[in-house]
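What follows is one structure encoded as structure tokens, with my remarks underneath.
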Amino acid sequence: MTEPDDTTAPTDAAPAPDGDPHRAGFVALVGRPNVGKSTLLNQLVGERVAITTPKPQTTRDRIRGIRTFDDWQVVYVDTPGIHEASTLLNRYMVELAIGTLGDADLVYLLVDGAHLVAKPEAVLAETADVVGRVAAAGTPCVLIVNKVDKVPDKGQLLPHLAALGELHPFIAVVPLSARTGDGVDRLHALTRPRLPESPPLFPEDSLTDRSMRFLAAEMIREQLFHRLSQELPYQVAVTTDAWEEREDGLVVVYATVHVARDGHKGIIIGKGGERLKAVGRAARLALERFSERRIFLDLRVRVEERWNERAIGLKKLGYDES
Ligand SMILES: Nc1nc2c(ncn2[C@@H]2O[C@H](COP(=O)(O)OP(=O)(O)OP(=O)(O)O)[C@@H](O)[C@H]2O)c(=O)[nH]1
Ligand SMILES: [Mg+2]
């Protein structure tokens, strides 16, 4: 069994001062759930390496996305949203995000600009909490005010940007839109000088450190998030069990949706199997686009009783630090 290489990364180089040595390092993307961390990761990398949904707590793992320029390389580390975690899975997610802070050369701390205008006090209070974690780690930090495409009158942002800027000695406060890419270029100029002198950390055509198996499972989970409501998305996990390349070029992917309760199985499958079919179809198309292969997806549902409440269940389904 082999897996295809990652697709080729865009190589438009950011200008660098003459004679400056090659630089490479890590930038951690952190913030509350749903602020657009994974959308920004994809925008920066130029490919959809992380799944994104309108629901909070979509990202459960650390996902590295790589961007290679002529004389520097940056490894962006997407993390789960930092929140008041109560369940075992959520505590695991938050610890993972906080653990990333100390390992990075630079932190991008994201807030939702549209929320900032609508509910400034709430956003300031919850940002202060995340800022405390960043300050404890001691890593230099850029504050990113995302989703500014949702704020028609940019002047409305100004007093709030100033208030946020007082929370911490940020390197800069950068308003941008991860969705449209507006304002993203400014990040490159701020980031390069903060990275250490180093040869590239990954091959120059790599887009992510994650395998196609992992990305396949995530693409299926993304479709489940889109099609399930209330608590159910948080009770499912997906594994890729096998990846087989046939001689005619077709790739057969075997994957399983794990549900925490017997009663959830029928909901996932849907009437006449319709929901599972729709999930499989959409995930297969996304995977075909990304891998540039023809895919046959064999998708099953299995009950892994209370997997999300038990350490052993989490580990079994891939949620461990390794
Ligand atoms: N309008 C607009 N929407 C955005 C922007 N960035 C992200 N979104 C939307 O916000 C929602 C959440 O985006 P994600 O990238 O999944 O957010 P996240 O911070 O990774 O969320 P978690 O993984 O749950 O912590 C999605 O519906 C995105 O399409 C933006 O710049 N503008
Ligand atoms: Mg995310």
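The values are calculated or read from the model by the stated rules, or taken from the named source; none is laboratory data. What you see is a predicted model; the values in this text were computed from it and never measured. As a convention, Cβ positions derive from the backbone with ideal geometry for all residues, glycine included, and neighbour counts pool all protein chains shown.
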Filtering the range 259-296 for residues that are without any contact (Cβ under 8 Å) to a residue 60 or more places away in the chain and over 12 Å from ARG227 (Cα atoms) leaves a count of 19
Those residues of the range 75-106 that are more than 13 Å from ligand 2 (Cβ to nearest atom), among the small types (Gly, Ala, Ser) and either under 14 Å from THR58 (Cβ atoms) or part of a loop (DSSP other than H, G, I, E, B) (or both) come to a total of 4
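Conditions (1) in the same structural domain as LEU106 (by TED's automatic domain parsing); (2) farther than 18 Å from ALA104 by Cβ; (3) part of a loop (DSSP other than H, G, I, E, B), marked per residue:
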site	(1), (2), (3)
ASP129	yes, yes, no
ARG133	yes, no, no
GLY155	yes, yes, no
ALA163	yes, yes, no
PRO169	yes, no, yes
Contact list, first residue from the range 56-83 and in contact (Cβ under 8 Å) with a residue 60 or more places away in the chain, second anywhere and assigned to a strand (DSSP E or B) and within 13 Å of ligand 2 (Cβ to nearest atom), beta-carbon distance below 6 Å, six or more apart or interchain, is ILE63/ASP78; ARG64/VAL77; GLY65/TYR76
Margin query: I'd like to know if the range 68-75 contains one or more residues that are more than 13 Å from ligand 1 (Cβ to nearest atom) and over 21 Å from PHE26 (Cβ atoms).
Written below: no
Within the range 19-49, of all residues that are among the small types (Gly, Ala, Ser), more than 9 Å from ligand 2 (Cβ to nearest atom) and in a loop (DSSP other than H, G, I, E, B), the one modelled with the highest pLDDT is GLY46
Per the filter on the range 176-203, residues of a type in the set (Val, Ile, Thr) and either at pLDDT below 95 or more than 16 Å from ligand 1 (Cβ to nearest atom) (or both) are THR191
Only one of (1) surrounded by fewer than 20 Cβ atoms within 10 Å (Cβ to Cβ); (2) polar (S, T, N, Q); (3) in contact (Cβ under 8 Å) with a residue 40 or more places away in the chain does not apply to ASN146, and that is (1)
In the range 167-214, anything basic (Lys, Arg) and free of Cβ contacts under 8 Å to residues at least 40 places away in the same chain is listed as ARG186
Of those in the range 50-74 that are among the β-branched types (Val, Ile, Thr) and closer than 21 Å to ALA286 by Cα, the residue farthest from ligand 2 (Cβ to nearest atom) is ILE66
